[in-house]
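S.K.: Just dropping this structure here.
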Amino acid sequence: MKVGVRKPSIKKSVKARTTGRVKRAAKRSVNPVYGKRGAGFAKSPSRSVKNSVYHRTTIGVGDILDDMSSEDYSSSSGSFWYQQPPAAIFYLLIVLCSVLLVMGVIMLLINPIVGLIVIVCSVLGIIYSRNNLKKIREEKE
């Protein structure tokens, strides 16, 4: 399963933006389940579960750009250095720390002391970024 940043596909994004409203309306009139929430799970449960896991463990380039251009990040009130960084940075930090965690386990075999240091640092990084993501979510609510 992929973890991290999804590779952008220009072809797929153009296709998604140009699929017309008329075409979707026609499909909805023929199929009463088309476009309804939970229909994917009823049609193919295993595929639906795989897709939900994929979308929770990866982040798109557009999501990162949207977070960086949000009002909280680019507002002119106050100094930039005292503002909360966007959530995308913490998602990327979680991915980086996860990779370091795997490397730390491998390093345990080569040099146990360095491996333990890398594992502890990566776990602390994951905890730090998860706490900040919780703070960001609470502020938005």
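The values are calculated or read from the model by the stated rules, or taken from the named source; none is laboratory data. Quick caveat: nothing in here was measured; it's all calculated off a predicted structure. FYI the Cβ positions are ideal-geometry reconstructions off the backbone, even for glycines, and counts take in every protein chain you see.
S.K.: Could you count how many residues in segment 3-53 are β-branched (Val, Ile, Thr), over 30 Å from LEU100 (Cβ atoms) and either in contact with a strand residue (DSSP E or B) (Cβ under 9 Å, 6 or more places away or on another chain) or assigned to a loop (DSSP other than H, G, I, E, B) (or both)? I'd like the intermediate steps shown before the answer.
M.R.: The initial filter retains those residues of segment 3-53 that are β-branched (Val, Ile, Thr), namely 3, 5, 10, 14, 18-19, 22, 30, 33, 49, 53.
Remaining after also requiring over 30 Å from LEU100 (Cβ atoms): 10, 14, 18-19, 22, 30, 33.
Now drop any that are not either in contact with a strand residue (DSSP E or B) (Cβ under 9 Å, 6 or more places away or on another chain) or assigned to a loop (DSSP other than H, G, I, E, B) (or both), which leaves 19, 33.
Counting residues in segment 3-53 that are β-branched (Val, Ile, Thr), over 30 Å from LEU100 (Cβ atoms) and either in contact with a strand residue (DSSP E or B) (Cβ under 9 Å, 6 or more places away or on another chain) or assigned to a loop (DSSP other than H, G, I, E, B) (or both) gives 2.
S.K.: For segment 30-45, name all the residues that are exposed (fewer than 10 other Cβ atoms within 10 Å of the Cβ) and modelled with pLDDT under 90. Give the steps one after another, and end with the answer.
M.R.: Pass one, segment 30-45, residues exposed (fewer than 10 other Cβ atoms within 10 Å of the Cβ): 30, 32, 37-38.
Result: PRO32, ARG37, GLY38.
S.K.: Answer with yes or no whether ARG56 is at pLDDT 75 or above and outside any helix (DSSP H, G or I). Talk me through it step by step, then tell me what you get.
M.R.: On the way: at pLDDT 75 or above: yes; outside any helix (DSSP H, G or I): no.
Considered against the rule, which asks whether it is at pLDDT 75 or above and outside any helix (DSSP H, G or I), ARG56 comes out as no.
S.K.: Hey, does segment 12-25 have a residue that's surrounded by 12 or more Cβ atoms within 10 Å (Cβ to Cβ), within 30 Å of LEU93 (Cα to Cα) and not assigned by TED's automatic domain parsing to the domain that holds ILE126?
M.R.: Yes, segment 12-25 has at least one match.
S.K.: I'm trying to understand the selection: among the residues of segment 91-104, which are closer than 10 Å to ILE126 by Cβ and touching a Ser or Thr at 6+ places or on another chain (Cβ under 8 Å)?
M.R.: LEU93, ILE94, CYS97, SER98, LEU100, LEU101
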